[in-house]
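Remarks on the structure that follows.
The values are calculated or read from the model by the stated rules, or taken from the named source; none is laboratory data. What you see is a predicted model, and the numbers here were worked out from it, not measured in a lab. All Cβ positions, even for glycine, are placed from backbone atoms using ideal geometry, and neighbour counts span all protein chains on display.
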Amino acid sequence: MSLDKKKDGHAAAVIKKVSRRQDDGAHGGAWKVAFADFVLALMCLFLVMWLLASREQETMAMLLRNGGGSPLAEGTQSRIQHQGTPHGSLIPRELVPGQQATESRPNSQVKSSAQPSALDDGNGQKVRRRYDSTADLQKLAKMMAELSAEVGLAGNIQTVITPYGLRVMLHDTDKQGMFERGSAVINERFKRLLQKMGQMFESIDNQLLVVGHTDSLQYKGQDYAAFSNWSLSSNRAMAARIQLLSGGMAGNGILQVVGMADRAPLDHRHPDAAINRRIELLVLTTGQAQAVSAMFGMPDEAVKPPAPGIEKPSASDMAALKQQLRLVP
C-alpha cells in the first residue's frame, strides 16, 4: 500500500492555492477619475486665461474710445505695476477719423447751444479767425473760463497769456481729478469740457500744443520698457486730443501732442501735489506755430517773428499766477 494513502484506502486530498494575478487593477475606474479631474482643472485654467484676455481687450478699447484697478497705492509714495497697459506695442493703431474744418458735424457728441456762440458772425455761421494779439487772447481766455464754469470745473482751469500764445492748464485738485488715478480714463466732467473746447476750437484758426503732465509718484516697475510716468502723460495727452476731435475740432488744428511726465511741476515744493497732474493746451500764435513747424521739418518760408502786441508777462505777474495756482483748493 502506498504511503500517501490513508488507512481507509482513500488518497489524501491535496489543495493547491494559486495567487491570482492582479489583472483587474488596470481595468478599474480610479485612473479615469484622476484624468477627468485633470481635464477639468485644465479647462478652468483656459477659461480664466480667456477671461483675462477679454478684460485686457476691453481696457484697450476703452483707451481708444476715451483717449487709456488703481495703480496708485493710496497712502504710499509708490504706484503698483499698471495692469491695464501691458508692455510692448499691443495697443491697436487704428486711425482716429479726422474731419476738415469746413465739414458739417451732425454726429458730433457736443451739440451747438441755442445761444449764439461768441465766435459766430451774427448770422449763425461759424467763422474761423486767428487770435494773435493780447486782446484777442484775453477774449479767448474768458471764453475758456465760461466753458469750465458751465460744467462745474471753474477751479480746475487756469489761463495765462505768454509770448507763445494762450496757456490753458486743466489740472487736478485735492477734491477732483481729471483722470482716474494712474490711467488715461477721463472723468466725465472733464470729457464734456474738452468736447466743448473742441467745438469752440472748430472756429479758431490757431494751432494747439497738447501737453500731458503727471506728479512725481513713480511706478514700481523700474525697467526701461515698463509703464512709467512718461507713458502715462503721453496717453493722457492723446486722450485729451481725442476728446477735442470728438467735440468738433479739425484734425489739423493740433500741431503737437507731448508727454512730459513729472519734469515740469507747477508746485516745485510739493512735486506730488494734485495741481501738477494736468493737461495743458497752448494756443499758439501764428509766428510760434510756424517756429514749431520749422523745428521739425523743412520750413517753406522764413520764420516770422511773433505778432506785435504779445508781451512777456512781468516777474510780478508770473509770481502772482504761481501763488494763485498754489491756493487752488
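Numbers below:
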| item | result |
| --- | --- |
| Out of G124, G177, G198, G152, sole residue that is at pLDDT below 90, of a type outside the set (A, V, I, L, M) and more than 24 Å from A319 (Cα to Cα) | G124 |
| Verdict on S234 being surrounded by 17 or more Cβ atoms within 10 Å (Cβ to Cβ), of a type in the set (G, A, S) and within 28 Å of T134 (Cβ to Cβ) | no |
| Boolean, G212 is farther than 15 Å from L284 by Cα and over 12 Å from the mean Cα position of the chain (by Cα) | no |
| Residue in the stretch 277-289 that is crowded, with 22+ Cβ neighbours inside 10 Å, in contact with a helix residue (DSSP H, G or I) (Cβ under 6 Å, 6 or more places away or on another chain), assigned by TED's automatic domain parsing to the domain that holds M143 and closer than 28 Å to Q138 by Cβ present | yes |
| Single residue of Y224, Y164, Y219 found to be aromatic (F, W, Y), assigned by TED's automatic domain parsing to the domain that holds Q256 and surrounded by fewer than 17 Cβ atoms within 10 Å (Cβ to Cβ) | Y224 |
